[in-house]
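Asker: Pasting in a structure now, in structure tokens, and then I'll have a few things to ask.
The values are calculated or read from the model by the stated rules, or taken from the named source; none is laboratory data. No experiment lies behind these values; they were computed from the predicted model shown. Methodologically, a virtual Cβ is constructed for each residue, glycine included, from the backbone with ideal geometry; neighbour enumeration extends over all protein chains shown.
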Amino acid sequence: MNKNTITWIGKWTFILAAAGSAVGLGNIWGFPYKAGTNGGGAFVLIYLGCIFMIGLPIMMAEIIIGRSARKSPVNAMKNGAIESGASPKWQIVGWGGLLSGILILSFYSVLAGICLNYIGISAGASSAMSSVEEFSRATASATNLLFWHTVFISLNIFIIAYGVISGIERVINFMMPVLFILIIVMVLNAMINGDFMRGLSFMFAPDFSQVTPATFLSAMGQAFFSLSLGMGSIMCYGSYMPDDENIFKTSLTVAGLDTLIAIMAGLAIFPIIFAYGLDAASGPNLVFVSMLSAFSDMPFGNLLGPVFFILLSIAALSSSISLLEPSVAYFDEEKIVSRPVAAISLGFIAWLLGIGSLLSFNLWSDKTFIAGLDFLGSMDFITNQLLMPLGGMFVAIFAGWFLSTKIVVGELSEGQEKVFNIWKFFIKFVSPVLVAAVFINQLIPFFHNL
Ligand code: PFF
């Protein structure tokens, strides 16, 4: 099998693309409210620990496997295994990644579609309307959700069909700087219009009394999801990374940017929520109800609201293209169909599955699928709590115990013995054990609910 020769053109593209994948809806909703409700600074400290002990080593492993093979995740795992004298069956990990990518994309697109819809809704918001009613109106209509879901998936298909360089690289190089500027605008807005000090203390004042074993699990799960690990996105983007880029430094930068933006998202949201006396609720309500209500009362709210929802939409789009790319890359590389046809067909499957998730907001709101969860919740459960941790754990086990040292050393830049030794220790002993702990603990309540 020939290695693919496509590599990112820009020196910064890998960092921007991987950060684009990492920074998404999970950061902007998940991190702030989890930090706020799990002991503030105490959670942030535990989260940072997880990023460095689990996230960073697994991210490096994914890039090493991807870049050394220069293939899509399925073939990268297979090649790495064969060249290391291990079973080609390790490619199953790659297949699991492709599956989770499509499943996550299916519901991620529904949520991102609501963000797109909210760009217009917030532009026309007035203090006379109720943001709760506005949210019910937007989600009660399956046709409305279907329309925005279709728009969002089509954007993904379009970008990916254009290819790695003319599609993904071009769009990422434009979107990521815009995302950074918009988040800075939103933090400045929170400084001017919000109760910034209260927001700061909600997120950072460490309250160790609220730390329980569940806090560790929540921080670990969040770190994992936030860095897009365990499903091949980073491995796939790593396969396009030029040879002269330093894997350790770039991984550190991506993890740092992801954390920085998660913290900035909290600082953009909570000061506003407190200043307007709103509910620091978790989940969709935090942004679609509480934030909308704040924008409708804020000076220039009809301008700032759309800026906020454009920010969310961009963050979602730069993540979602990394969900679809690994499977399209596989179809393209195996010459099963051309890239555009692969993007359309795989995007169509995600679109179809997404219909189940959008019905969870209306016609199927009473229907439960897995462990008492609605369709969207079930998809989230299968991917977030089963496939991703399993994928990440097996990547760690493979890289730590099976992948040949020659391959690893060839990928880490010269003179990086110290980096190699520390990485090897973490990937072999620390990361897989910690991920297994999260995995098992997340499953315990599941079995209780069955
Ligand atoms: N990291 C994204 C977020 O925090 O929203 C979600 C995600 C994207 C997970 C891509 C996995 C992935 F492959």
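Asker: List pairs: first residue in the stretch 221-244 and touching a residue at least 24 places away in the same chain (Cβ under 8 Å), second residue near the ligand (Cβ under 9 Å from one of its atoms) and assigned to a loop (DSSP other than H, G, I, E, B) anywhere in the structure, Cβ distance under 6 angstrom, at least six positions apart or on different chains.
Answerer: Ile234/Ser228
Asker: Turning to a different aspect of this structure: When you scan the stretch 169-269 for helices (runs of 4 or more DSSP H) that lie fully inside it, which ones turn up with 2 or more residues that are modelled with pLDDT of 95 or more? Write out each step before concluding.
Answerer: Numbers: elements: 170-193, 196-204, 213-226, 233-238.
Qualifying helices (runs of 4 or more DSSP H): 170-193, 196-204, 233-238.
Asker: So, Ala86, is that one modelled with pLDDT of 95 or more, closer than 22 Å to Ile234 by Cβ, surrounded by fewer than 22 Cβ atoms within 10 Å (Cβ to Cβ) and not polar (S, T, N, Q) or not?
Answerer: For Ala86, the condition - modelled with pLDDT of 95 or more, closer than 22 Å to Ile234 by Cβ, surrounded by fewer than 22 Cβ atoms within 10 Å (Cβ to Cβ) and not polar (S, T, N, Q) - is met.
Asker: Could we say that Ile160 is crowded, with 19+ Cβ neighbours inside 10 Å, within 16 Å of the ligand (Cβ to nearest atom) and of a type outside the set (D, E, K, R) here? Give the steps one after another, and end with the answer.
Answerer: On the way: crowded, with 19+ Cβ neighbours inside 10 Å: yes; within 16 Å of the ligand (Cβ to nearest atom): yes; of a type outside the set (D, E, K, R): yes.
So Ile160 fits the description; yes.
Asker: Among the candidates Ser68, Ser87, single out the residue that is without any contact (Cβ under 8 Å) to a residue 12 or more places away in the chain, more than 16 Å from the ligand (Cβ to nearest atom) and either hydrophobic (A, V, I, L, M, F, W, C) or under 27 Å from Gly400 (Cα atoms) (or both).
Answerer: Values: Ser68 fails: without any contact (Cβ under 8 Å) to a residue 12 or more places away in the chain.
Exactly one of Ser68, Ser87 is without any contact (Cβ under 8 Å) to a residue 12 or more places away in the chain, more than 16 Å from the ligand (Cβ to nearest atom) and either hydrophobic (A, V, I, L, M, F, W, C) or under 27 Å from Gly400 (Cα atoms) (or both), namely Ser87.
Asker: Only one of these is modelled with pLDDT under 95 and touching an Asp or Glu at 6+ places or on another chain (Cβ under 9 Å): Ser127, Ser68. Name it.
Answerer: Ser127
Asker: Hey, does the stretch 340-347 have a residue that's in contact (Cβ under 8 Å) with a residue 40 or more places away in the chain, within 30 Å of Leu260 (Cβ to Cβ) and away from the ligand (no atom under 16 Å from the Cβ)?
Answerer: no
Asker: Can you name every residue in the stretch 1-44 that is hydroxyl-bearing (Ser, Thr, Tyr), under 24 Å from Ile172 (Cα atoms) and either touching a strand residue (DSSP E or B) at 6+ places or on another chain (Cβ under 6 Å) or within 16 Å of the ligand (Cβ to nearest atom) (or both)? It would help to see each step written out before you state the result.
Answerer: In the first step, residues of the stretch 1-44 are kept if they are hydroxyl-bearing (Ser, Thr, Tyr); the result is 5, 7, 13, 21, 33, 37.
Going one step further and asking which of them are under 24 Å from Ile172 (Cα atoms), we end up with 5, 7, 13, 21.
Selection gives Ser21 alone.
Asker: Search the stretch 191-250 for residues being polar (S, T, N, Q) and over 25 Å from Leu267 (Cα atoms), and hand back the single one that is farthest from the ligand (Cβ to nearest atom).
Answerer: Let us first name the residues in the stretch 191-250 that are polar (S, T, N, Q), namely 193, 201, 209-210, 212, 215, 218, 222, 226, 228, 233, 239, 246, 250.
Pick out the ones that are also over 25 Å from Leu267 (Cα atoms) and you get 233, 239, 246, 250.
On the way: Ser233: 3, Ser239: 14, Asn246: 23, Thr250: 17 Å.
Within the stretch 191-250, the match that is farthest from the ligand (Cβ to nearest atom) is Asn246.
Asker: For the stretch 270-291, name all the residues that are assigned to a loop (DSSP other than H, G, I, E, B) and not acidic (Asp, Glu).
Answerer: Tyr276, Gly277, Leu278, Ala280, Ala281, Ser282, Gly283, listed by residue number.
Asker: Go over the candidates Leu403, Leu434, Leu373 one by one and state the one that is touching a residue at least 40 places away in the same chain (Cβ under 8 Å) and under 30 Å from Ser106 (Cβ atoms).
Answerer: Details: Leu403 fails: under 30 Å from Ser106 (Cβ atoms); Leu373 fails: touching a residue at least 40 places away in the same chain (Cβ under 8 Å).
Unique residue meeting the criteria: Leu434.
Asker: Another question, then. Does Ala112 satisfy being under 16 Å from the mean Cα position of the chain (by Cα), modelled with pLDDT of 95 or more and buried (at least 24 other Cβ atoms within 10 Å of the Cβ)?
Answerer: The answer is yes for Ala112.
Asker: Right, here's the next one. Which of the residues spanning the stretch 28-45 are part of a helix (DSSP H, G or I) and surrounded by fewer than 24 Cβ atoms within 10 Å (Cβ to Cβ)?
Answerer: Scanning the stretch 28-45 gives Trp29, Gly30, Tyr33, Lys34, Gly36, Thr37, Gly41, Ala42, Val44, Leu45.
Asker: Additional query: Ile314 passes all but one of (1) under 30 Å from Ser127 (Cβ atoms); (2) within 16 Å of the ligand (Cβ to nearest atom); (3) not in a helix (DSSP H, G or I); which number fails?
Answerer: Of (1) under 30 Å from Ser127 (Cβ atoms); (2) within 16 Å of the ligand (Cβ to nearest atom); (3) not in a helix (DSSP H, G or I), only one is false for Ile314: (3).
Asker: Of these, Ser319, Ser360, Ser365, Ser345, which one is farther than 15 Å from Gly163 by Cβ and in contact with a Ser or Thr (Cβ under 8 Å, 6 or more places away or on another chain)?
Answerer: Only one candidate qualifies: Ser319.
Asker: I'm checking my understanding of the structure. Among residues of the stretch 330-364 that are of a type in the set (Phe, Trp, Tyr) and in a helix (DSSP H, G or I), which one is farthest from the chain's Cα centre (by Cα)?
Answerer: Phe331
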